[in-house]
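S.K.: Attaching a single structure in structure tokens format; questions to follow.
Where a number appears in this text, it was derived from the coordinates with a stated rule and is not lab data. All values derive from a computational prediction rather than experimental measurement. Cβ placement follows ideal geometry from the backbone for every residue including glycine, while neighbour counts extend to all protein chains displayed.
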Amino acid sequence: MTLRESIVDALVEVRVNRARTVLQTLGVILGVASLVAVQGMSDAGRRQGLKFFSEFGGLKKILVHNKPLKERVQTAAMLDSHGLDWGDVEALRREIPMATQVDPIAEDEQTIRTPTYQKLREITGATPDYQAVYKFFPARGRFLIDDDLAQMSRVVVLGDSAARLYFGNEDPLGKTLYIGDAGFRVVGVLRRKEFYFNEGDRNALEWMNRLTIIPITALYSRFTGDPDKKVSFINVMVDKVENNKKAVAAINKVLARRHKGVPDFEVIDRKERMKQQQQEGQIFDLIFLATGILSLLVGGIVIMNIMMASLRERIREVGVRKAIGARGLDVALQFLVESVLVTAIGGLVGLPIGILFANGITALIGQPAVITPQMAMVSVIASVVVGLFFGLYPAIKAARLNPVEALRYE
Amino acid sequence: MLPASGSDPVIRLVDVTKTYDSGDTAVHALRGVNLEIGAGESIAIIGPSGSGKSTLMHILGCLDVPTSGDYDLAGTPVASLSSRALAKVRNEKIGFVFQAYNLLPKASLLRNVELPMLYGGVGRVERKERAREALRKVGLLERAAHLPSQLSGGQRQRVAIARALVNNPAIVLADEPTGNLDTQTGKDILALFDELGKQGHTIILVTHDPVVAERASRIVRIVDGQIASDGASVRAAAEAVVPAGVVAVDAGPVAFAH
């Protein structure tokens, strides 16, 4: 008998036993729904993470930062080390071919004063590249320009929250902000940065809104007076994500040479970090996954049970089919098709429920809704596998029935 | 398509035995059965319960294989075939008619009649056509879409007969075909078998009812796993005496032994 005709028979069986079919599908519906939901939610999480990172550099960013030495007893070279400096920045610019930008940032703490405000705050020394790396563009005025850098200009660009903090409701553009003893002219206020992982969470990018940014050269000349021009960290933008690993190795090599082997720096690949984060997230996925698989197992066992019971009712039918010329394989196929049909119905019903479930939860925690082709794939694969697996035993049982005994069965 | 009447035997059993192991003791259901049935014969196998009559029917129907001995069915030695090959033989060469009709309850009459062709791999169009034709022959074409439960017993048995014939089998094997029917309906069904016999079908009736057995031209009596007697039925003998009979020649030489 062809597959098509087996499906015809199975459809009849399912239609005649509607109540039984509903019972059989319940477990599969729940199982598929939760697997689809897991798929959807983990996908939502992944997208969310990607979006967050893309707000300040994306996956192509490699962070080089200072790492304090932990050794109690230090060698002469270690004692001599002072971390990352301007020389490192220039070396990286020269020697890392896949780097599109090498963007150093230096930080310092200074007292900030306006007529209405006075407090010790962190200030950031940056280059014009900063706005591209962090996608941090002015809402009004302008960002730092090359000229500012060359002239060590006393200009400052403020994050939105910082501007409010220093000047209240007044327009800060063109006003003077005192950093330490030096007056800096406010040339730009930056667009607000916002990112909420979940609704009701704190703004994960608020730290950017609180920035006070001056030319890195001005920071050196006015405040640190540091001949080495030390930097706090360096963002290296790579031309394409595939080159991240190579770039990390190259950066390590250049810096190891320049730092005479002293490990006072660390190179962090954004892509690797993202992967790690996802793996951490996967633990939660696994819990949901286990729930889904458990429901499918229970659903499958229910199906197998009911199939076994229905086989007992249909022993004679199997005998008749065999007398008429059905081979064991035909009978097995018929029962398998029946169980897969039942689980496929379960999968079909489970899919929209799973989507609802996923979107309900993501809506609850304020994440965007997701519907992906993978959801449909999960439901199809899960339901067919369950149908095949749990239909196999009844199918083999049926196929092996002795026709004489089956025909005699009352 | 039907085998030519009277020539080579369609069935030949040689020294067929069947032994069942039931615990410590072996049950000898058949003890050396030799039987030839010619194409186009109509034969009744009778015997009390426990005689081995059912076992013989199962072996004839290729539902079971002999413990020893040979069985040729329409030229094919089937005694040692695999279960897979036996299924094919059942599908192509045997048409079963059961006491309890054994129609599939959830399938329409048409689908029930299609079933042997479904397992025989007959294409959809030809299958439907042949199933309709078979239903027409038993007078139930207009009810093709009905379920078996909507029919009377006699009608169900007609459908079963249509199903048995639809693949043009070498033999039709009927096990107590009138056992569940009232006398009149039973007579109608037997008349249908007579009709089939006249059309050249080889028909084997398994029964314990002497009246039913008399409808055949030849009666084989099984007792204790052996053939106790094998000869023309009274009707066939009478028809042989009065040469106006149609089937007397088919009854074979044993007809004159009585």
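S.K.: Need one number: nm distance between label points at A:Arg94 and A:Val73, each 7 Å from Cα along Cα→Cβ, rounded to one decimal.
M.R.: The modelled label-to-label distance comes out at 3.6 nm.
S.K.: Shifting gears a bit: How would you classify segment A:198-312 from its alpha-carbon gyration tensor, with a ≥ b ≥ c the square roots of the eigenvalues: rounded for a/c under 1.5, else prolate if a/b is greater than b/c, otherwise oblate?
M.R.: Details: a/c = 5.11, a/b = 2.56, b/c = 2.00.
The shape class here is prolate.
S.K.: Ratio of alpha-carbon Rg to the 2.2 N^0.38 Å globular estimate for segment A:10-83, to two decimals, please. Show your work: numbers first, answer last.
M.R.: Values: Rg = 28.7 Å, N = 74, 2.2 N^0.38 = 11.3 Å.
So segment A:10-83 has a normalised radius of gyration of 2.55.
S.K.: Here is a follow-up. Normalized C-alpha radius of gyration of the protein assembly as shown, against 2.2 N^0.38 Å? List each step's numbers first, then the result.
M.R.: Numbers: Rg = 44.7 Å, N = 668, 2.2 N^0.38 = 26.1 Å.
With N residues counted in the protein assembly as shown, Rg over 2.2 N^0.38 Å equals 1.72.
S.K.: Across peptide B:152-158, how many C-beta atoms of other chains are within 10 Å of each residue C-beta, on average? Don't skip to the end; give the middle numbers.
M.R.: Working: counts 0, 0, 0, 0, 0, 0, 0.
Mean number of neighbouring Cβ atoms from other chains: 0.
S.K.: Count, for each residue of B:84-96, the Cβ atoms from other chains sitting within 10 Å of its Cβ, then give me the mean as a whole number.
M.R.: Details: counts 3, 1, 4, 12, 2, 1, 7, 6, 1, 1, 3, 2, 5.
Taking all residues of B:84-96 together, the mean is 4.
S.K.: Further question: Restricting to chain B, what percent of DSSP beta bridges are antiparallel, rounded to 5?
M.R.: Values: 24 of 42 bridges.
Close to 55 percent.
S.K.: Please give every one of the lysines within straight-line cross-link reach of A:Lys230, meaning a C-alpha to C-alpha distance under 25 Å, and leave out same-chain neighbours fewer than 8 residues apart.
M.R.: Filter leaves A:Lys60, A:Lys61, A:Lys67, A:Lys70, A:Lys119, A:Lys135, A:Lys253, A:Lys260.
S.K.: Build a GNM of chain B with springs between Cα atoms under 10 Å: which of B:Asp72, B:Asp230, B:Asp21 gets the top mean-square fluctuation?
M.R.: B:Asp21
S.K.: What size of dipole, in debye to the nearest 20, comes out for the protein assembly as shown about its Cα centre when the only charges are +1 on Lys and Arg C-beta atoms and -1 on Asp and Glu C-beta atoms? Kindly include the intermediate steps, with their values, before the conclusion.
M.R.: Details: 79 positive and 71 negative charges, 277 e Å.
In debye, rounded to 20, the protein assembly as shown gives about 1320.
S.K.: Report the relative contact order of chain B, percent, no decimals, based on alpha-carbon pairs under 8 angstrom and at least 6 residues apart. Write down the numbers at each step before the final one.
M.R.: On the way: 534 pairs, mean separation 65.8, N = 258.
This gives 26 percent for chain B.
S.K.: Placing +1 on the Cβ of each Lys and Arg and -1 on the Cβ of each Asp and Glu in the protein assembly as shown, which of B:Ser149, A:Ser221, A:Met307 has its Cα farthest towards the positive end of the resulting dipole?
M.R.: Value: A:Ser221.
S.K.: Another one. Pull out a ≥ b ≥ c, the square roots of the eigenvalues of the alpha-carbon gyration tensor of segment A:67-157, then state rounded if a/c is under 1.5, prolate if not and a/b is larger than b/c, and oblate in the remaining case. Numbers along the way, then the final one.
M.R.: Details: a/c = 2.61, a/b = 1.33, b/c = 1.96.
Oblate, since a/c reaches 1.5 and b/c is not below a/b.
S.K.: Once the cut-off is 16 Å, how many percent of the Cα-Cα pairs in segment A:149-266 end up in the long-distance tail? It would help to have the intermediate numbers written out before the result.
M.R.: Numbers: 5001 of 6903 pairs.
Every Cα pair in segment A:149-266 considered, those over 16 Å come to 72 percent.
S.K.: What angle do you read, to the nearest 10 degrees and between 0 and 90, between the alpha-carbon axis of helix A:3-16 and the longest principal axis of chain A?
M.R.: Orientation of helix A:3-16: about 80 degrees from the principal axis.
S.K.: Which one, A:Ala398, A:Val386, A:Gly83, is farthest towards the positive end of the dipole of chain A when Lys and Arg carry +1 and Asp and Glu -1 on their Cβ?
M.R.: A:Ala398
S.K.: Run a plain Debye calculation on chain B (Cα atoms as equal point scatterers, no solvent) and give log10 I(q)/I(0) at q = 0.09, 0.11, 0.14, 0.16 Å⁻¹, rounded to two decimals, same order as the q list.
M.R.: So the normalised log intensities are -0.39, -0.59, -0.96, -1.23.
S.K.: Give me the angle, in degrees from 0 to 90, between the Cα long axis of helix A:18-54 and the longest principal axis of the Cα atoms of chain A, rounded to the nearest 10.
M.R.: That helix lies at roughly 10 degrees to the long axis.
S.K.: Moving on. Highest GNM mean-square fluctuation, chain B, Cα pairs closer than 10 Å: which of B:Thr183, B:Thr25, B:Thr207?
M.R.: The residue with the greatest mean-square fluctuation here is B:Thr25.
S.K.: Taking the Cβ of A:Lys60 as the center, what net charge do the other residues with Cβ under 11 Å away carry, scoring Lys and Arg +1 and Asp and Glu -1? Let's see the in-between values first.
M.R.: On the way: positive: A:Lys61, A:Lys240, A:Arg270, A:Lys271; negative: A:Asp239, A:Glu242, A:Asp269.
Its environment carries a net charge of +1.
S.K.: How big is the dipole moment of segment A:68-263 about its Cα centre under a simple scheme where the beta carbon of each Lys and Arg is +1, that of each Asp and Glu is -1, and everything else is neutral? Debye, nearest 20, please.
M.R.: 120 debye
S.K.: Let me ask something else. Could you give the angle, 0 to 90 degrees to the nearest 10, between helix A:244-258's Cα long axis and the longest principal axis of the Cα atoms of chain A?
M.R.: Roughly 30 degrees, rounded to the nearest 10.
S.K.: Give me a single rounded figure for B:160-171: the average over its residues of other chain Cβ atoms within 10 Å of their Cβ.
M.R.: Values: counts 1, 0, 0, 2, 2, 0, 1, 2, 0, 0, 0, 0.
Shielding by partners across B:160-171 averages 1.
S.K.: Okay, moving on. Would you mind working out the magnitude of the charge dipole of chain B relative to its Cα centre, with +1 at each Lys and Arg C-beta and -1 at each Asp and Glu C-beta, to the nearest 20 Debye? Please report the intermediate quantities before stating the final value.
M.R.: Values: 27 positive and 27 negative charges, 216 e Å.
In total the dipole reaches around 1040 debye.
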